[in-house]
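Each value in this text was obtained by applying a stated rule to the coordinates, not by laboratory testing. Since we're looking at a predicted model, the values are computed, not measured. Note that we place each Cβ from the backbone using ideal geometry, even for glycine, and neighbour counts take in every protein chain shown.
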Amino acid sequence: MLNENMKAIRKSKGLSQQELAVSLNVVRQTISKWEQGLSVPDSDMLISISEVLETPVSTLLGENVIESEADDLKAISTKLEVINLQLAQRKTARKQILHWFLISLCAVITAIFAILLALESPYLGWDYRDPETAVLGVAFHAFEWLFVRAAPILLIGTVIGMFLTRKNE
């Protein structure tokens, strides 16, 4: 029983005889002899085997362990479940980051609108005979003109995006 159980458990863990031998500090032939039933490990080695295979000694010495594909499928499904959970968490985190980005963008647009409203286009009263002032006035006017036309569309888009990315509970 020990030899069959040891072989079945080793294979179910995906270990070769060589890998198990290295873990136990023995040669591969020793593992082969144990699995063929030609020899038996001592009690200390049996404890080491149970630790490496992560299996109780009673299971190693008990009834036959059958390699089952159901265990393999269960392990695969467990791994897939963990992967799906990680992907869902990553998607939720990205959605949350996007949501807060849209809220920030909405606040920035509103703040710029408020600043432009408070300044009341001061460049209109500037003396444009100086070339630097003329260039700065034209740049400021172009920014204000583009912002006043594009910002409402961008603001509507951010508000819609905020509602689409909000947390649904």
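Compared with the dominant Cα axis of the chain, that is its longest principal axis, helix 131-165 is turned about 50°. The angle between the Cα long axis of helix 2-12 and the main principal axis of the chain comes to about 20°, on a 0 to 90 degree scale.
Helix 43-52 axis versus longest C-alpha principal axis of the chain: approximately 30°, rounded to the nearest ten. The phi torsions of region 75-84, fed into the Karplus equation with coefficients 6.51, -1.76 and 1.60 and a -60° offset, translate into couplings of 5, 5, 5, 5, 5, 5, 5, 5, 4, 4 Hz, rounded to whole numbers, with Gly and Pro shown as x.
The share of C-alpha pairs in region 70-165 whose separation exceeds 19 Å stands at 63 percent. Stretched out straight at 0.36 nm per residue, the stretch from E19 to E54 would grow longer than its current Cα-Cα span by 11.2 nm. Summary of packing: across the peptides 139-148, 154-163, the per-residue average of other C-beta atoms within 10 Å ranks them, highest first, as 154-163, 139-148.
Taking a ≥ b ≥ c as the square roots of the eigenvalues of the Cα gyration tensor, the chain is prolate, since a/c reaches 1.5 or more and a/b is larger than b/c. First check a/c for region 2-67, with a ≥ b ≥ c the square roots of the eigenvalues of its C-alpha gyration tensor; if it is under 1.5, answer rounded, and if not, answer prolate when a/b is larger than b/c or oblate otherwise. The shape class here is rounded. Given a Förster distance of 41 angstrom, what is the FRET efficiency for L105 paired with T133, based on the Cβ-Cβ distance and rounded to 0.05? Calculated value: 0.80. Relative to the current alpha-carbon distance between K91 and K33, full extension at 0.36 nm per residue lengthens the span by 15.7 nm.
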